[in-house]
Amino acid sequence: MTTIRYCFLITFLSICLLACGPKQDDTSTLPLEDDDAIDLIIVGDHVVTMNVDLDVIENGAVAIDQGVIVAVGNADEIRATYSARETLSGGDRIVMPGLVNGHSHAAMTLLRGVADDLALMDWLNNYIFPAEVEFVDSEFVRIGTELACWEMIRGGTTTFVDMYYYPDVVAEVVEQCGMRALISATVIDQRSPDAEGADDSVSKGVAFIERWKGRHSRISPIFGPHANYTLNAEQLAATRRAALELGVPISIHVSESPFEVQYSKDTYGMTSIALYESIGFFEGPTIAAHVVWPTEDEIPILAERKVGVIHNPTSNMKIASGISPVTAMLAAGVRVGLGTDGAASNNDLDMWEEMRLASFLQKVDRMNPEVLPAITVLSMATSGGAAAIGLGDSIGSLEVGKRADVIQVAFDDVHHVPTYDVVSHLVYVSDEQDVASVVVDGTVLMREGVMETIDTTRVAREASALAAQIQSTLEQRNKTR
Ligand SMILES: [Zn+2]
């Protein structure tokens, strides 16, 4: 068997694409209790493992049983060792870990395109927050989240971190559609679609987390305090205390815009991350979305506190929030993943686009094409992203014993001809339409482009009907202005 092994040199930033030659004994396996057929074998011309050695296995396969990866290696050896109830064949297919979308507001798919080309605070205060109070109810969240899950599965995303309203509804949709998710109970000190303010949203969040914690292996309930300009320092600290008591992480917007940092300085006399550090906010696991404006002094705090930073290049560009110093954060040892943000500020949930833009944005910002190479960006969307959201031990790479979140990417379209370097193509060429099959926890959610767990006809019909109501209300309002 021929295995191309990619090697790390020093850090993420200096990864080489050095072919280290054939490797012996590539097929690693987990002993099975009996010799019954396993659930699934997924085959590919190449298996991009994203393990610590960044092994790429030619003519490879992944064997899966009971939701767990039981073998990764040469396809012929795996087929000879196991009989499987189903095999996803591998001609013109690349097998890799599912993508991790570290920051989203899934149900905002229903607000896609209602307010474009606006600055963050204008967009939030004059369009998004009022529209949410008016239109968002549990039915909106159900339909919008189903629509988002459909789009994410279609594009090869297997795990997402969500921050929205009616988290019980989000969890029910995720349970049904088969994805993996960290679902935030949003905490915000204003009237929102499902709460009257900070205290109310914290107490409803506690109830949500108690209902879902430990109930389902794919669903992690967490807290989602919105930001330091929609919650005061005491409310932020209280949310952290509640999260520590319940043993759950927090997802939050951090240093997203110059407005936020200035607001923090004016109100507390310090920048956002310094404020969080001063109130002990980072004493529990934190997923920090955006982090566009950390100071030089704040970046080491993020590394030391093991804060998972989620970079959202498309949203940061569209709202003109700025360019996050991703290269500097990675060099300082900060865990950095990728996210799409909500569909109202993107306007899609395509992680392939995030990978490409993340790389190009750093290159042009630093005027250096060597920064953020393809393999680093691919890691941010898989193994690095999984680590940033606290799931690095269970997902993000194709390794024996990890949960089986695996995708197959088709390489038979014209833009993959010719292919000299698989990793280059995954980051700089592939798009969501290339994803052929998606497996989460060993269950096939999409098989050769066909959705298995979502009734797409119904979801499209319901989303269109609800969007028509929103459109007509907005038009009425514009007429009466
Ligand atoms: Zn966001």
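The values are calculated or read from the model by the stated rules, or taken from the named source; none is laboratory data. These figures come from a predicted structure and were not determined experimentally. All Cβ positions, even for glycine, are placed from backbone atoms using ideal geometry, and neighbour counts span all protein chains on display.
Take the stretch 312-371 and flag every residue that is away from the ligand (no atom under 13 Å from the Cβ) and among the hydroxyl-bearing types (Ser, Thr, Tyr).
Across the stretch 312-371, the qualifying residues are 324, 327, 359.
Which one is nearest to residue 154 (Cα to Cα), of the residues in the stretch 372-384 that are under 15 Å from the mean Cα position of the chain (by Cα) and either within 16 Å of the ligand (Cβ to nearest atom) or aliphatic (A, V, I, L, M) (or both)? Please lay out each step first, then the result.
Just the residues of the stretch 372-384 that are under 15 Å from the mean Cα position of the chain (by Cα), to begin with: 377-384.
After this cut, where a residue has to be either within 16 Å of the ligand (Cβ to nearest atom) or aliphatic (A, V, I, L, M) (or both) as well, the list is 377-378, 380-381.
Details: 377: 20, 378: 18, 380: 20, 381: 16 Å.
Within the stretch 372-384, the match that is nearest to residue 154 (Cα to Cα) is 381.
Residue under question is residue 399, and the condition is that it be surrounded by fewer than 20 Cβ atoms within 10 Å (Cβ to Cβ), in contact (Cβ under 8 Å) with a residue 12 or more places away in the chain and not in a loop (DSSP other than H, G, I, E, B); does it hold?
On the way: surrounded by fewer than 20 Cβ atoms within 10 Å (Cβ to Cβ): yes; in contact (Cβ under 8 Å) with a residue 12 or more places away in the chain: yes; not in a loop (DSSP other than H, G, I, E, B): no.
For residue 399, the condition - surrounded by fewer than 20 Cβ atoms within 10 Å (Cβ to Cβ), in contact (Cβ under 8 Å) with a residue 12 or more places away in the chain and not in a loop (DSSP other than H, G, I, E, B) - is not met.
Can you spot a residue in the stretch 302-312 that is modelled with pLDDT of 95 or more, surrounded by fewer than 24 Cβ atoms within 10 Å (Cβ to Cβ) and among the basic types (Lys, Arg)?
The answer is yes, given that some residue of the stretch 302-312 is modelled with pLDDT of 95 or more, surrounded by fewer than 24 Cβ atoms within 10 Å (Cβ to Cβ) and among the basic types (Lys, Arg).
Of the residues that make up the stretch 324-337, is at least one within 15 Å of the chain's Cα centre (by Cα) and farther than 20 Å from residue 105 by Cα? Break it down stepwise before answering.
Going through the stretch 324-337, the residues within 15 Å of the chain's Cα centre (by Cα) turn out to be 335-337.
From the residues that got through so far, the ones that are farther than 20 Å from residue 105 by Cα too are 335.
Within the stretch 324-337, one or more residues are within 15 Å of the chain's Cα centre (by Cα) and farther than 20 Å from residue 105 by Cα.
Here is a list of conditions, (1) assigned to a helix (DSSP H, G or I); (2) farther than 20 Å from residue 452 by Cα, and residue 63 meets all of them except one; can you say which number that is?
Evaluating residue 63 over (1) assigned to a helix (DSSP H, G or I); (2) farther than 20 Å from residue 452 by Cα leaves (1) as the failure.
Being assigned by TED's automatic domain parsing to the domain that holds residue 178, acidic (Asp, Glu) and at pLDDT 95 or above: is that true of residue 350 here? I'd like the intermediate steps shown before the answer.
Numbers: assigned by TED's automatic domain parsing to the domain that holds residue 178: yes; acidic (Asp, Glu): yes; at pLDDT 95 or above: yes.
It is true that residue 350 is assigned by TED's automatic domain parsing to the domain that holds residue 178, acidic (Asp, Glu) and at pLDDT 95 or above.
Which of (1) over 28 Å from residue 159 (Cα atoms); (2) surrounded by fewer than 21 Cβ atoms within 10 Å (Cβ to Cβ) is the odd one out, the single condition residue 216 does not satisfy?
The number of the failed condition is (1).
So in the stretch 45-73, with the set limited to residues that are of a type outside the set (A, V, I, L, M, F, W, C) and crowded, with 21+ Cβ neighbours inside 10 Å, which one is nearest to residue 395 (Cα to Cα)? Outline the logic, then answer.
Let us first name the residues in the stretch 45-73 that are of a type outside the set (A, V, I, L, M, F, W, C), namely 45-46, 49, 51, 53, 55, 58-60, 65-67, 73.
Among the residues that remain, those that are also crowded, with 21+ Cβ neighbours inside 10 Å are: 46, 49, 55, 60, 65, 73.
Numbers: 46: 19, 49: 11, 55: 16, 60: 19, 65: 15, 73: 18 Å.
Here the residue is 49.
Output the residues belonging to the stretch 233-277 that are within 16 Å of the ligand (Cβ to nearest atom) and among the aromatic types (Phe, Trp, Tyr).
Result: 259, single match.
Can you name the condition, by its number, that residue 407 falls short on among (1) outside the structural domain of residue 335 (by TED's automatic domain parsing); (2) farther than 30 Å from residue 224 by Cβ; (3) within 21 Å of the chain's Cα centre (by Cα)?
Here residue 407 clears every test but (2).
Across the stretch 176-203, what is the total count of residues that are modelled with pLDDT of 95 or more and on the phi > 0 side of the Ramachandran plot?
1
Among the residues of the stretch 298-310, which ones are within 13 Å of residue 275 (Cβ to Cβ) and either touching a Gly at 6+ places or on another chain (Cβ under 9 Å) or among the charged types (D, E, K, R) (or both)?
In the first step, residues of the stretch 298-310 are kept if they are within 13 Å of residue 275 (Cβ to Cβ); the result is 298, 301.
298, the sole residue that qualifies.
Among the residues of the stretch 428-455, count how many are of a type outside the set (Val, Ile, Thr), buried (at least 17 other Cβ atoms within 10 Å of the Cβ) and in a strand (DSSP E or B).
Here is the first cut: in the stretch 428-455, the ones of a type outside the set (Val, Ile, Thr) are 428, 430-434, 436-437, 441-442, 445-449, 451-452, 455.
This time we only want the ones that are buried (at least 17 other Cβ atoms within 10 Å of the Cβ), so: 430, 432, 434, 436-437, 441-442, 445-446, 451.
This time we only want the ones that are in a strand (DSSP E or B), so: 436-437, 445-446, 451.
Residues meeting the conditions: 5.
Regarding the stretch 141-148, can at least one residue be identified that is in a helix (DSSP H, G or I), crowded, with 24+ Cβ neighbours inside 10 Å and touching a Phe, Trp or Tyr at 6+ places or on another chain (Cβ under 7 Å)?
yes
Any residue in the stretch 111-123 that is in the same structural domain as residue 288 (by TED's automatic domain parsing), within 16 Å of the ligand (Cβ to nearest atom) and buried (at least 24 other Cβ atoms within 10 Å of the Cβ)?
yes
List pairs: first residue in the stretch 244-271 and assigned by TED's automatic domain parsing to the domain that holds residue 316 and among the β-branched types (Val, Ile, Thr), second residue within 16 Å of the ligand (Cβ to nearest atom) and in a loop (DSSP other than H, G, I, E, B) anywhere in the structure, Cβ distance under 7 angstrom, at least six positions apart or on different chains.
Cβ pairs passing all conditions: 252/227; 254/291; 261/255; 261/293.
Looking only at residues that are surrounded by fewer than 22 Cβ atoms within 10 Å (Cβ to Cβ) and in contact with a Ser or Thr (Cβ under 8 Å, 6 or more places away or on another chain) in the stretch 315-332, which one is farthest from residue 124 (Cα to Cα)?
Restricting to residues being surrounded by fewer than 22 Cβ atoms within 10 Å (Cβ to Cβ) and in contact with a Ser or Thr (Cβ under 8 Å, 6 or more places away or on another chain), the top hit is 331.
Under 6 Å between Cβ atoms, which residue pairs at least 6 apart in sequence (or on different chains) link something in the stretch 296-324 that is in the same structural domain as residue 274 (by TED's automatic domain parsing) with a partner that is of a type in the set (S, T, N, Q) and within 12 Å of the ligand (Cβ to nearest atom)?
Within 6 Å, the pairs are 314/346; 315/345; 315/346; 318/345; 319/345; 321/257.
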